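After the structure tokens below, expect a handful of questions from me.
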2 protein chains.
Amino acid sequence: MVSQVDRKLITRKALMDGALALVAEGSHYSSLSLREVAKRGGVVPNAFYRHFKDLDELGLALADEFGLLLRLIMRQARLQGLAADSMISDSVNFYVEYVQKEPALFRFMAQSITGGSPAMREAMRNELGHFANEMVTDLNRLGILPNISGTDMNMLGHLAIQTVFGNTTEILDLPENSANMIEAIRERCTKQVRLIFLGASDWDAKSEKQQKLDAKANRKKKKSKTE
Amino acid sequence: MVSQVDRKLITRKALMDGALALVAEGSHYSSLSLREVAKRGGVVPNAFYRHFKDLDELGLALADEFGLLLRLIMRQARLQGLAADSMISDSVNFYVEYVQKEPALFRFMAQSITGGSPAMREAMRNELGHFANEMVTDLNRLGILPNISGTDMNMLGHLAIQTVFGNTTEILDLPENSANMIEAIRERCTKQVRLIFLGASDWDAKSEKQQKLDAKANRKKKKSKTE
DNA sequence: ACAATGAGTGTACAACTGTACACACTAAGA
DNA sequence: TCTTAGTGTGTACAGTTGTACACTCATTGT
């Protein structure tokens, strides 16, 4: 005895979970069939149309769900109140933990950034971009790296999240019970992010000067090439 | 009047190019059908089996071709003899140029790292890893960053190439004739790599000490969590 | 209490899929 | 020169695909 709107929400969720399950089992989202997904959701193929017009539309709904997960992760991380001396390794650990906790959604995300429909790719890029922006906001609020300009801070944020997210597939591809491998990835990733922030702390007026010099040399070279 | 082995090689190439063409037009490799690929290669479906057992096998052949392209890029970059003062921006420009020159292969690569079969993913990771190793060898030969240990140098190489390759999909998704957007990506990517190397130049004994401190704090936190 | 809304079902069909089999035709080797 | 090997073709078939149409039946709002 469930209300009609609940029933609808339940089936909708079942379809989304069905698609995710298939992805988690190794299929690529863009090679799924509507019938497969419907069957996995415990529903007849035609019922699919009561919820989504397309598999593309379902994909965008999954992208939304992934965005929600990201927001949840951010909130959790903030609540935990990371200590300054271990902020980077804590964040990386946090991320790795969530990838293992929600492998299907992260696998889907990884697939979609490079392989989804154009709309899908944009949606995923937006989610990650939002995540990076939030991180930059936090860094500013905490007064970390105060000497860096706004655009450079943005660049830094994107670099950091791109680096962390770049390890996703590798984590997911590990066989189960290989905690030592996970540990290795975690350490390498922490090192990488730490190196990035070390670079950022030197990314001040001095390096700006160097940058301009380099840019000039670059333009010169380009010019001589076209001649 | 072509020899039999030539004919075979020609058709094989046609099949591979057909698959790449479909990928370049927006399909995901893992959603291609054998018949589609055969038609695009100008051959009847059954003829496919004379060259590949599977679409997977064709995919691995394409991964090989991508590896060849990477080696070509490396050789070209070395021949050009990059100047020390603009080495980073030159390398990035070089990469961006090749992505635009071979969009299909790079699109295929981007798709395959996160979305191919397990064998495919591993093949692509190996190709990129080899590329990173070559880069590290060059850095060592040129005496750049002599104070960094072997494993850290490896980490650095992987970070650098992951950063550059991370821009691939974004470049490929730009509409044609948007040179200014390309320029923006090129600049951002150059900045990122420069920041990474800036961080690496400080990645010495001093930062190693800081790293150990952080690791200790991390262990402490973990312990208290499990209690 | 009753009509209506709408989630889920069953049947149907044309298009497409991978692949098995028998065949043609041409280059290679005797 | 004649046989052989091997690339490419044509036909065939069973399974899967997306989706249209007509339907049941429970939950809703009156």
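Rundown of residues vs (1) within 12 Å of the chain's Cα centre (by Cα); (2) closer than 20 Å to A:GLU176 by Cα, yes/no style:
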| site | (1), (2) |
| --- | --- |
| A:ALA83 | no, no |
| A:TYR95 | yes, yes |
| A:LEU105 | yes, yes |
| A:SER112 | yes, no |
| A:THR137 | no, no |
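Taking the conditions exactly as written (surrounded by 19 or more Cβ atoms within 10 Å (Cβ to Cβ), of a type outside the set (Gly, Ala, Ser) and touching a residue at least 24 places away in the same chain (Cβ under 8 Å)), does B:VAL37 satisfy them or not?
no
Going through B:GLU122, B:GLU127, B:GLU65, B:GLU134 one at a time, which residue ends up being of a type outside the set (Gly, Ala, Ser) and either free of Cβ contacts under 8 Å to residues at least 40 places away in the same chain or facing chain A (nearest Cβ under 9 Å) (or both)?
Checking each option against the conditions leaves just B:GLU122.
Of all residues in the stretch A:1-33, which are within 14 Å of DNA strand C (Cβ to nearest atom), assigned to a helix (DSSP H, G or I), more than 13 Å from chain B (Cβ to nearest Cβ) and open to solvent by less than 60 Å² (accessible area, probe 1.4 Å)?
Within the stretch A:1-33, A:THR11, A:ALA14, A:LEU15, A:MET16, A:GLY18 qualify.
So which of B:SER33, B:SER3, B:SER86 ends up being among the small types (Gly, Ala, Ser), at pLDDT 95 or above and over 19 Å from B:PRO103 (Cβ atoms)?
When all the criteria are applied, what remains is B:SER33.
The values are calculated or read from the model by the stated rules, or taken from the named source; none is laboratory data. These figures come from a predicted structure and were not determined experimentally. So basically every Cβ, Gly included, is an ideal-geometry build from the backbone, and we count neighbours across all protein chains shown. We work out accessible area using only protein heavy atoms, side chains counted, and drop any ligands, DNA or RNA first. Shrake-Rupley method; radii C 1.70, N 1.55, O 1.52, S 1.80 Å.
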